[in-house]
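To start, the structure under review is shown below, and the notes come after it.
The values are calculated or read from the model by the stated rules, or taken from the named source; none is laboratory data. Every value quoted in this text rests on a predicted model; they were computed, and no experiment measured them. Here Cβ is always computed from backbone atoms with ideal geometry, including for glycine, and neighbour counts include all displayed protein chains. Heads up: the accessible areas ignore ligands, DNA and RNA and are worked out on the full protein's heavy atoms, side chains in. Shrake-Rupley method; radii C 1.70, N 1.55, O 1.52, S 1.80 Å.
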Number of protein chains: 2
Amino acid sequence: MQLFYSPNIQNNTIRIEDEEFHHLKVLRKAVGSELAVTDGKGNLFSARITEIAKHHCLAEIENTTHVEPPTHQLHVVVAPTKNIDRIEWLVEKLTEIGVAKISFIQCTHSERKVLKTERLNKIALSAMKQSLQFYLPQLNELQTFDDFIKATPQNTNLFMGYCETENTQHLLSQPFTYQNSVILIGPEGDFSPAEVQAAQKAGFEAISLGANRLRTETAAMVAATLINAKFEVNP
Amino acid sequence: MQLFYSPNIQNNTIRIEDEEFHHLKVLRKAVGSELAVTDGKGNLFSARITEIAKHHCLAEIENTTHVEPPTHQLHVVVAPTKNIDRIEWLVEKLTEIGVAKISFIQCTHSERKVLKTERLNKIALSAMKQSLQFYLPQLNELQTFDDFIKATPQNTNLFMGYCETENTQHLLSQPFTYQNSVILIGPEGDFSPAEVQAAQKAGFEAISLGANRLRTETAAMVAATLINAKFEVNP
């Protein structure tokens with residue numbers, strides 16, 4: 001199945017533009033062609049093209065299927081790496097394996113102070129379509145560690161990947177009490193002792209991801225893979 | 001710790017050349033400087049530079065530590081993607097999380113028929129040092145699916161990632177009978193029915209990696225992460 005994306009839906013009409021429109025033209029879709037379209041919010045539309053203009057097309061919805069979101073929602077919170085390619089890669093992979101939300105935090109030891117999420121959103125969109133999902137992960141703008149910690153959610157499994165302590169238990173040995181989880185992954189220079197203390201005070205449990213020293217983006221991907229699998233196997 | 005690599009060790013002398021030598025010069029190491037060096041075969045040498053020439057340096061071993069390999073050995077067998085960047089990324093990530101061997105197979109639906117492993121070896125080397133490991137994964141040249149299947153090892157957990165069957169169990173629900181595992185990951189167009197049959201005949205169990213359709217390199221990374229974690233938590 002070739003999946004298209006459009007957030008522009010009014011009444012029974014889907015408007016497709018920009019890259020999605022370009023893609024549709026490359027595939028030589030014409031008036032009358034059937035399309036599978038998602039709004040990234042759990043809806044899958046079966047629609048038929050009614051009009052092709054220069055920069056957009058319109059399609060009429062013939063059938064709508066609402067796909068329930070996964071019962072487990074994972075929020076990955078990561079300090080972006082200096083190298084932007086690694087973050088772009090991470091957003092693609094986290095979207096493929098299926099996370100609900102990705103946030104970026106600026107820590108004491110962060111090397112990157114600015115992050116543009118526009119391109120990252122495009123990457124997430126493409127990965128969502130590629131992996132045939134109907135929910136686009138929410139990408140939050142870069143915020144400070146302190147601001148993030150202030151808004152720590154309740155009734156959520158709270159984990160923090162942390163390298164320095166020797167006695168941390170493996171993520172998979174942790175109790176998963178709630179249906180939703182947050183995993184916090186620090187920058188290359190790790191969290192500062194003050195940040196570790198603040199996170200622990202806010203209820204985050206320091207966990208281990210195994211014996212090896214992992215890069216930031218690898219740690220985030222490994223943690224998300226393990227948490228997702230935990231819920232897939234024992235939902 | 002800054003780790004160097006050299007496979008050239010004779011008696012008590014380590015010879016460092018090429019990129020490792022360049023790296024050492026960038027770090028302004030001089031005669032008398034102490035170095036941590038691994039041979040990628042489980043040895044960590046503490047050595048002191050005795051001579052710096054134009055294209056190499058020599059260091060004398062002062063202390064040797066042998067690090068035991070992980071009791072669990074994972075062999076990832078993957079059909080390389082059309083896009084070489086994705087394979088390079090995969091080799092880096094598999095090395096970071098710690099696999100013993102990576103093999104490349106050419107399947108009926110493979111789009112890539114040629115693969116040079118020289119650059120991939122350099123990437124594995126860099127990832128090994130980055131993640132402070134002392135074993136370099138073995139990278140095997142591209143071989144046909146048939147040749148690979150003929151040499152299926154005994155007394156090994158054999159898994160095959162396969163998208164098409166609906167009733168496959170999740171990888172983490174499988175029994176892990178042996179200490180060593182092989183995971184087989186197909187090309188973008190998936191294994192052919194004949195390949196699936198041949199693999200099953202050779203003892204490979206078709207497994208699921210979750211609900212989403214994953215790209216080849218994502219599937220390989222997810223599978224390796226889960227198998228490694230299984231042994232880290234219950235060794």
Filter result (touching a Leu at 6+ places or on another chain (Cβ under 9 Å) and in a helix (DSSP H, G or I)) within the stretch A:196-217:
A:ALA199, A:THR216, A:GLU217
Within the stretch A:173-190, identify whether any single residue is aromatic (Phe, Trp, Tyr), open to solvent by less than 10 Å² (accessible area, probe 1.4 Å) and part of a loop (DSSP other than H, G, I, E, B), and answer yes or no.
no
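Answer yes or no as to whether B:ILE16 is crowded, with 22+ Cβ neighbours inside 10 Å, within 25 Å of the chain's Cα centre (by Cα) and assigned to a strand (DSSP E or B). Steps first, answer last, please.
Details: crowded, with 22+ Cβ neighbours inside 10 Å: yes; within 25 Å of the chain's Cα centre (by Cα): yes; assigned to a strand (DSSP E or B): yes.
So B:ILE16 passes the test.
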State yes or no: is A:ALA53 surrounded by 14 or more Cβ atoms within 10 Å (Cβ to Cβ) and out of contact with any helix residue (DSSP H, G or I) (no Cβ under 8 Å at 6 or more places or on another chain)?
no
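How many residues are in contact (Cβ under 8 Å) with a residue 40 or more places away in the chain and more than 17 Å from A:LEU3 (Cα to Cα) when one looks only at the stretch A:57-75?
7
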Search result, residues across the stretch A:101-118 that are touching a helix residue (DSSP H, G or I) at 6+ places or on another chain (Cβ under 9 Å) and aliphatic (A, V, I, L, M)
A:ILE102, A:ILE105, A:LEU115
Residues in the stretch A:71-82: is at least one surrounded by fewer than 16 Cβ atoms within 10 Å (Cβ to Cβ), of a type in the set (Val, Ile, Thr) and modelled with pLDDT of 95 or more?
no
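Would you check which residues across the stretch A:142-164 are within 23 Å of A:ALA194 (Cβ to Cβ) and either of a type in the set (Ser, Thr, Tyr) or surrounded by fewer than 17 Cβ atoms within 10 Å (Cβ to Cβ) (or both) and list them?
A:GLN143, A:THR144, A:ASP146, A:ASP147, A:LYS150, A:ALA151, A:THR152, A:PRO153, A:THR156, A:TYR162, A:CYS163, A:GLU164
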When B:VAL31 is evaluated against the numbered criteria (1) out of contact with any helix residue (DSSP H, G or I) (no Cβ under 8 Å at 6 or more places or on another chain); (2) free of Cβ contacts under 8 Å to residues at least 60 places away in the same chain; (3) open to solvent by less than 60 Å² (accessible area, probe 1.4 Å); (4) not assigned by TED's automatic domain parsing to the domain that holds B:VAL222, which criterion, by number, is the only one it fails?
(3)
B:ASN167 exposed (fewer than 15 other Cβ atoms within 10 Å of the Cβ), without any contact (Cβ under 8 Å) to a residue 40 or more places away in the chain, assigned to a loop (DSSP other than H, G, I, E, B) and not assigned by TED's automatic domain parsing to the domain that holds B:LEU24
yes
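Yes or no: the stretch A:126-135 includes at least one residue that is among the aliphatic types (A, V, I, L, M), at pLDDT 95 or above and open to solvent by less than 30 Å² (accessible area, probe 1.4 Å). Steps first, please.
Residues of the stretch A:126-135 among the aliphatic types (A, V, I, L, M): A:127-128, A:132.
Those still in the list that are at pLDDT 95 or above too: A:127-128.
With the extra rule that they be open to solvent by less than 30 Å² (accessible area, probe 1.4 Å), the set shrinks to A:127-128.
Within the stretch A:126-135 (the criterion being among the aliphatic types (A, V, I, L, M), at pLDDT 95 or above and open to solvent by less than 30 Å² (accessible area, probe 1.4 Å)), the answer is yes, since at least one residue qualifies.
For a quick check of your reading: which strands (runs of 3 or more DSSP E) sit entirely within the stretch A:25-112 and have at least 2 residues that are closer than 30 Å to A:GLU195 by Cβ?
Per the criteria, A:73-78, A:101-106.
Let's see how each residue does on (1) more than 30 Å from B:GLN143 (Cα to Cα); (2) within 12 Å of the chain's Cα centre (by Cα); (3) small (Gly, Ala, Ser):
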{"residue": "B:SER33", "(1), (2), (3)": "yes, no, yes"}
{"residue": "B:ALA36", "(1), (2), (3)": "yes, no, yes"}
{"residue": "B:LYS41", "(1), (2), (3)": "no, no, no"}
{"residue": "B:HIS56", "(1), (2), (3)": "yes, no, no"}
{"residue": "B:HIS75", "(1), (2), (3)": "no, yes, no"}
{"residue": "B:ARG86", "(1), (2), (3)": "no, no, no"}
{"residue": "B:VAL91", "(1), (2), (3)": "no, yes, no"}
{"residue": "B:GLY98", "(1), (2), (3)": "no, yes, yes"}
Any idea which residue in the stretch A:119-147 is farthest from the chain's Cα centre (by Cα), counting only those that are in contact (Cβ under 8 Å) with a residue 40 or more places away in the chain and closer than 16 Å to A:PHE104 by Cα?
A:ASP146
Under the condition of being closer than 20 Å to A:ILE105 by Cα and not β-branched (Val, Ile, Thr), which residue from the stretch A:210-234 is surrounded by the fewest Cβ atoms within 10 Å (Cβ to Cβ)?
A:ARG215
Within the stretch A:220-235, restricting to residues that are of a type in the set (A, V, I, L, M) and at the interface with another protein chain (Cβ under 9 Å from one of its Cβ atoms), the one that is farthest from the chain's Cα centre (by Cα) is A:VAL233
For A:PHE204, are the conditions met, namely being open to solvent by less than 20 Å² (accessible area, probe 1.4 Å), assigned by TED's automatic domain parsing to the domain that holds A:ILE102 and of a type outside the set (Val, Ile, Thr)?
yes
